[in-house]
Amino acid sequence: MAGIAVSTTINGDAVEYLCQPDETLLDVLRDRLGLTGAKEGCGTGDCGACSIILDDRLVCSCLVLGAEAEGRRVETIEGMAHGDTLHPLQQKFLEHAALQCGICTPGFLIAAKDLLAKNPDPTEEEIRFGLAGNLCRCTGYDKIVRAVQDAAIVMKGA
Amino acid sequence: MNFDPRFSGRKFASVGTRPIRPDGIDKVTGRARYGADFNMAGQLVGRVLRSPHAHARIVKIDTSKAEKLAGVKAVITAADLPDLTDGDAAMYDVLDNCMARTKALYDGHAVAAVAAIDARTARQALKLIEVEYELLPHVTDVDEAAKHTAPLINDAIFTEGLEEKPVKPSNVTKRSQFGHGDVHQGFGQADFIVERSFKTEQTHQGYIEPHACVANFSSDGTADLWVCTQGHFVYRQHCAQLLGMEASKLRVTSSEIGGGFGGKTHVWAEPVALALSRKAGRPVKLVMTRDEVFRASGPTSATSIDVKIGARKDGTITAAEATLRYSCGPYAGSWAEIGAMTAFACYKLDNVKTVGYEVLVNRPKTAAYRAPSAPMAAFAVESAVDELAKKIGMDPVDFRIKNAAQEGTRSSYGPVYGPIGIGPTLEAVKSHPHMKAPLGKNQGRGMACGFWFNFGGQTCTDLNIGMDGSVSLAVGTVDVGGSRASLSLVAAEELGIDYSQVKAIVADTSSLGYNDMTDGSRGTFSSSMATISAARNAILILRERAAQMWDIAVDDVVWEKGHAIAKGEKHGNLGKLSLKEIAVESGKTGGPIAGHSELVADGAGVSFATHICDIEVDPDTGAARVIRYTVVQDAGKAVHPTYVEGQYQGGAAQGIGWALNEEYIYGKDGRLQNAGFLDYRIPVCSDLPMIDTQILEIPNPNHPYGVRGVGETSIVPPLAAIANAVSNAAGVRMTHIPMSPPRILAAIEAEREWSK
């Protein structure tokens, strides 16, 4: 089976890989590129644990084929911090204990980053609907919403 | 060791603060490694073939075509997992659940497995395995299964616990009974009696991380297993027993765990992965799909419960009785027994009787789910309690306060209570602003209480002090929700040092003595006890080393706020030595400094909570929405209050999903129809309000800091609190969980018909 050659940009770096036509972008990230920050919670686009940003659009990487990343820009959780400096959302998730088991956290952070990029000053309701595509079974979402509210304040001041 | 676990009031420096967790940065940067995030050189992909039938005899399995497919390295069936359980019936059931032997007992039951070079080849290989089934009649409903006419799931089972041994086999595996006094007499004294029947549907723990493991069986007979689990030591024992290994030859490393809630206390695919690796001679990674998680792991029991409670005009309960039927899946369990124990545990009762029946059904093997069995019993009992209060004309909180169990009360399941929190949680609810807030149109308020036993168990902890003064704490209880932070706080507290100097890790099964699982809300309770004990042992050595450095008697050295201090006037000029100063010199004073502890953490204090919930019901659609929610729960002592709040909020959210929406839906063919997060819908962010919490601290007398487990109780009251709120909002008593829109609408319409 000949693989498909893909040239793409991941977290700002040029990346090339071969993938099969039926491989999802999530499979490529996790199994071929070692970027295991995106998680597979369902494989059907229902849980959001595999959220990434593809050309400024929030997507479930389990619903995108690896071959579709050709010529696109991919942002994953591994690219969210700048070196040692955490993104304000990452910092606020820690401070508010917005994670317990943490499996959904990368997806929430990516989704929250996308939300704040489009709406820097969201109401609680806008945050709740903005993050409704991501499932968390541990926290009841309370501390996640508070962390995003707090991060929004910090980011506006920056 | 002379460890004294009794509570001693003390002022805390670290315990009760809210620092950032030690595993936090890895978790927000995507670096934390969960079950599926680990890989080995030469690793194969494992996949499991599952029965599409609810009940079928396996006539023949032909794996020859699959074995011939290029890239397939091993195919296994039950023949590759021979029965080595040696008469251990419970382990035989675990084995049969991992790989069906003679019959497939539910839709999703594993019948064969393959290991191949990649996922695509493994999937193709599954399609080439030919299984010949002889279909058998099935039963999935708990009440139907308990009938004499129901299809038998296991004809070797005769109901245990009856006065006379039955002559016919049954799907009811066991009857259990609890209580004291004389309920007939008690009901005779009652002025008001409420009697009702309730049902709850089966739910799944719904952890976001599917079961995942990497098994590596070596040709020298040893093996390694990397796995997401709540109890790697227990997984080692079970896997080793099923594979015919000595437990010491299997090393199990627990990965970060992406949620468990009881569902990761049972082995499922791990013995299969080990058997595949043994046969293929290569490492095998086996990750369940979400469909498999729903069809073949979890879930909790479906139940059917009858409750009868009587009370005098003054509000004193005179008698309480419940009959509880819990589904177990196709294997015997003790789920109804636990329900029967917890049902009336909140109350002081002279006459109480509960009877539990364990019922086999053609559904996945029931697994623990956060305070297993208690939420359903609480739903039935607390609904009836609310109705009885209304009948008497009493406020539901006052009615409960009047009948609440106290210190010295003999519980409905036997033991006499020590200091407990049910009264204080009710008093806190009574004075909570939430209870006085106005309600709008179509809105209703409900409240309910909940109880959970909590558990202690075997625990082993190592505390090693580095030469730089850092402290490494190795624990054997898997961290499911922040316990590394709370245990680091406890070590810092006991040693008198800063939290930042301590780093807790979860050690693998070869690095530490045996630990029971993180279940029964025991993680922080039991491992903090062992950590305190280990720290005190380390302090003994630190004092000895200081004495050596000063050349004085060890009895003249005390440990205060992280320092050795020489006591007595004759040592007045010695100053003090910090932990770090002693550690730096340790190479010259006798080598490394460490404290170890191995103990059985007895005396886990029982736990109580009371919840308040406001619901708005749309009378046209039957949709119910939680608009305000408050949790009040006794923590004994909150070690890391933020994570205690998190446990309260998380349990409440799971309870809200269970109460309003989540259920396993089976077709007439016995197949699960909603094995995915789209159709089995757990609460999302936009479904919920903020969840307020109030932590009460009634010290557990059996823990040095007064700690009680906090993880589970929070899921016990929500079903009932929400049912009471919906009933108040809709004006009709709800008796079937989940209260999905069609059920609420049907109840409202039936009430309208009735009142015409």
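The values are calculated or read from the model by the stated rules, or taken from the named source; none is laboratory data. Not measured: the values here are computed from a predicted model. Here Cβ is always computed from backbone atoms with ideal geometry, including for glycine, and neighbour counts include all displayed protein chains. Ligands, DNA and RNA are excluded from the accessible area calculation, which covers all protein heavy atoms including side chains. Shrake-Rupley method; radii C 1.70, N 1.55, O 1.52, S 1.80 Å.
Taking every residue in A:39-50 and counting other chain Cβ atoms within 10 Å of its Cβ, the average works out to 6.
Atom-type composition of the exposed protein surface of region B:652-736 places 46 percent of the accessible area on carbon and sulfur (1.4 angstrom probe).
With all protein chains in place and a 1.4 Å probe, the accessible surface of region A:4-79 carries 47 percent carbon and sulfur. Across region A:4-79, Cα-Cα pairs farther apart than 21 Å form 12% of the total. Along its principal axes, the protein assembly as shown has C-alpha extents of 84, 81, 63 angstrom, given from the largest down. Each 10 Å bin from zero holds the following percent of Cα-Cα pairs in chain A: 11, 41, 33, 13, 2, 0. Charges were assigned to the Cβ only: +1 to each Lys and Arg, -1 to each Asp and Glu. The resulting dipole of region A:4-79 about its Cα centre is roughly 120 debye. For the residues of A:19-28, the average number of beta carbons from a partner chain within 10 Å of their own beta carbon is 1. Within 10 Å of the Cβ of each residue in B:13-21, the mean number of Cβ atoms contributed by other protein chains is 2. Excluding ligands, DNA and RNA, the accessible surface per residue across chain B is 36 Å² with a 1.4 Å probe.
Estimated from helices alone, the mean residue ellipticity of the protein assembly as shown at 222 nm is -8500 deg cm²/dmol (sum of -39500 (n - 2.57) over DSSP H runs with n ≥ 4, per residue). Neighbours of B:H109, meaning other residues whose beta-carbon lies under 13 angstrom from its beta-carbon, give a summed charge of +4 when Lys and Arg score +1 and Asp and Glu score -1. Computed over the alpha carbons of region A:88-157, Rg followed by Dmax gives 10.6, 32 Å. Screening chain B for whole DSSP H helices of 27 Å or more along their axis (Cα) with average Kyte-Doolittle hydropathy at least 0.0 returns B:523-550. Solvent exposure of B:L128, expressed as accessible area, is near 60 Å², computed with a probe of 1.4 Å over the protein chains only. Longer than 22 Å from Cα to Cα, which of B:K264/B:K285; A:K143/B:K365; B:K174/B:K264; A:K39/B:K65 are they? Say none if no pair is. The pairs that break the limit, which is 22 Å between Cα atoms, are A:K143/B:K365; B:K174/B:K264; A:K39/B:K65. Annotation for region B:42-117 versus region A:101-126: alpha-carbon center distance of 42 Å. Leaving ligands, DNA and RNA out of it, report the carbon-plus-sulfur percent of the accessible area of region A:88-157 at a 1.4 Å probe. Answer for region A:88-157: carbon and sulfur cover 54 percent of the accessible area. Each principal axis of chain B carries a Cα extent, and these read 92, 76, 52 Å when sorted largest first.
When each of the peptides A:114-122, A:65-73 is scored by the mean number of other C-beta atoms lying within 10 Å of its residues, the order from highest to lowest reads A:65-73, A:114-122. Each principal axis of region B:489-590 carries a Cα extent, and these read 51, 24, 24 Å when sorted largest first.
Its residue count N fixes a reference of 2.2 N^0.38 Å for region B:50-184, and the Cα radius of gyration divided by that reference is 1.37. Exposed loop sites here mean GluC sites (Glu not before Pro) with a DSSP loop assignment and at most 12 other beta-carbon atoms within 10 Å; chain B contains its longest site-free run at B:408-756. Both chains summed, the buried accessible area for A and B stands near 4100 Å², from protein heavy atoms and a 1.4 Å probe. Pairs of Cα atoms nearer than 8 Å and 6+ residues apart set the relative contact order; for region A:88-157 it is 51 percent. Projecting the Cα atoms of A:Y17, A:L35, A:V148 onto the charge dipole of region A:13-158 (Cβ charges, centred on the Cα centre) puts A:V148 farthest toward the positive pole.
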